[in-house]
1. Checking A:Val70 against (1) part of a helix (DSSP H, G or I); (2) in contact with a Pro (Cβ under 9 Å, 6 or more places away or on another chain), only one condition comes out false. Which one?
2. So if I check each of A:Asp100, A:Asp114, which one is in contact with a Lys or Arg (Cβ under 6 Å, 6 or more places away or on another chain), modelled with pLDDT of 90 or more and assigned by TED's automatic domain parsing to the domain that holds A:Asp39?
3. Only one of (1) of a type in the set (D, E, K, R); (2) touching a Gly at 6+ places or on another chain (Cβ under 9 Å); (3) modelled with pLDDT under 90 fails for B:Arg131. Which number is that?
4. Could you identify the single residue in A:Leu54, A:Leu83 that is in a strand (DSSP E or B) and surrounded by 19 or more Cβ atoms within 10 Å (Cβ to Cβ)?
5. Can you report the number of residues in the stretch A:135-163 which are more than 9 Å from chain B (Cβ to nearest Cβ) and of a type in the set (S, T, N, Q)?
6. Please specify each residue of the stretch B:170-182 satisfying the condition of being assigned to a helix (DSSP H, G or I) and exposed (fewer than 13 other Cβ atoms within 10 Å of the Cβ).
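The values are calculated or read from the model by the stated rules, or taken from the named source; none is laboratory data. What you are looking at is a predicted structure, and each value in this text was computed from that prediction instead of being measured. Using ideal geometry, Cβ is built from the backbone for each residue, glycine included, and neighbour counts are taken over all protein chains shown.
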Amino acid sequence: MSAATDAIHLRETYGGKICETVEFRDEQTVRVDPGALHDVLATCRGDLGYEMLLDVSSVDHLGGEPRFEVVYLLAAVDDSKRLRVKSRVAEDEPVASATDLWAGADWHEREVWDMMGIPFAKHPNLKRILMWEGYPFFPLRKDFPLAGRPSEMPDVAFSGVAPLEGGPFVTCVGGNTVVREPRARGFE
Amino acid sequence: MVQSSTISVQPGFDSKGESNVIVTRVDAAINWMRKNSLWPMPMGLACCAIELMATASARYDISRFGMEVMRFSPRQADVLIVSGTVTYKMALAVKRIWDQMPEPKWCIAMGACASSGGMFRSYSVLQGIDRLIPVDVYISGCPPRPEALLEGLMVLQKKIEGEKSTMAQKKVFFDERAKSRN
């Protein structure tokens, strides 16, 4: 079975829980209701032969509703097919962890939690992976300034604000390219 | 049994000429010894560490300057070479290693990142190690070539030559002496 037939299979199995299936340049993307995400991933893992989880990623659609989106990239180990599973989640809404399906989801989901602040339910070890435990911000969110924010944890770590001095590059969400053009700006 | 005839009187200096006597200042002697046996503590945090390793190996041969003894214990090191990007997560660890080094000690900020944060104007990177510990020599480059690091070490040697090491080492003694005189 190819990824295209898998997408049709998922649509037939889960019906309304599948928001849409998109094919773009032979890449199959399935958008899923967050409640059904874990079931869909389990089907992909168990029935459809996606034995490998390549990556877990996330997008911040600041201003959109729901705000965040998690992206699971799946592949068959012989690389005969690949599938992208997306799900839009609201802020602070936990996503069911995929660690029970792919052990490799562990660190990927920790990174998503660390950088974007999307919590994962039933994750065995959901703590920060890049920043230190206790860092109060989620740096990859669009409302977090590139220069950073000051924080202080005695004997662990501190952080400060980097001087941007007119550079480097921060884009804005929305608007035309003139407004979005990368330049130094804050999001206070 | 030693016969008395075998015992000869040793003169205070070599009678053939004063070649075994060197007259110098204590500071100059101490500084000369210090600058020619700088034991580095390598703090390799990014690509600069690769250049540091190249400097230490045969082609560039840091041992020409008596600095080949890389010490991986801060307690045995004289000069901390911060080579690479210091993230905020690593910053206090670098500080701690600096604090563990015994005096006298020096610090070299190797490369753009250690000197100023480099290209990482970012939430996660300390904008120069001099925000945490005093730096003696900054080396530009991204990463600096081994020649640049050697140049930096030679500049540090120059700096050590000019130090008032006796005064610094016996500071308490000299301070108390000055106090009792007053």
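1. A:Val70 satisfies all of (1) part of a helix (DSSP H, G or I); (2) in contact with a Pro (Cβ under 9 Å, 6 or more places away or on another chain) except (1).
2. On the way: A:Asp100 fails: in contact with a Lys or Arg (Cβ under 6 Å, 6 or more places away or on another chain).
The unique qualifying residue is A:Asp114.
3. (3)
4. Numbers: A:Leu54 fails: surrounded by 19 or more Cβ atoms within 10 Å (Cβ to Cβ).
Step by step, each of A:Leu54, A:Leu83 is checked, and only A:Leu83 is in a strand (DSSP E or B) and surrounded by 19 or more Cβ atoms within 10 Å (Cβ to Cβ).
5. Of the residues in the stretch A:135-163, the ones more than 9 Å from chain B (Cβ to nearest Cβ) are A:136, A:138, A:140-143, A:150, A:152-154.
With of a type in the set (S, T, N, Q) added as a condition, the list becomes none.
Total meeting the criteria: 0.
6. Just the residues of the stretch B:170-182 that are assigned to a helix (DSSP H, G or I), to begin with: B:171-181.
Result: B:Lys171, B:Val172, B:Phe173, B:Asp175, B:Glu176, B:Arg177, B:Ala178, B:Lys179, B:Ser180, B:Arg181.
Every residue, every condition in (1) of a type in the set (Lys, Arg); (2) at pLDDT below 90; (3) surrounded by 22 or more Cβ atoms within 10 Å (Cβ to Cβ); (4) in contact with an Asp or Glu (Cβ under 6 Å, 6 or more places away or on another chain), yes or no:
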{"position": "B:Ala49", "(1), (2), (3), (4)": "no, no, no, no"}
{"position": "B:Ala54", "(1), (2), (3), (4)": "no, no, no, no"}
{"position": "B:Met70", "(1), (2), (3), (4)": "no, yes, no, no"}
{"position": "B:Leu80", "(1), (2), (3), (4)": "no, no, yes, no"}
{"position": "B:Gly84", "(1), (2), (3), (4)": "no, no, yes, no"}
{"position": "B:Ala91", "(1), (2), (3), (4)": "no, no, no, no"}
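Each row is one residue, and each column tells you yes or no for (1) among the small types (Gly, Ala, Ser); (2) modelled with pLDDT under 90; (3) more than 24 Å from A:Met131 (Cβ to Cβ).
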site: B:Met110; (1), (2), (3): no, no, yes
site: B:Met119; (1), (2), (3): no, yes, no
site: B:Pro143; (1), (2), (3): no, no, yes
site: B:Thr166; (1), (2), (3): no, yes, yes
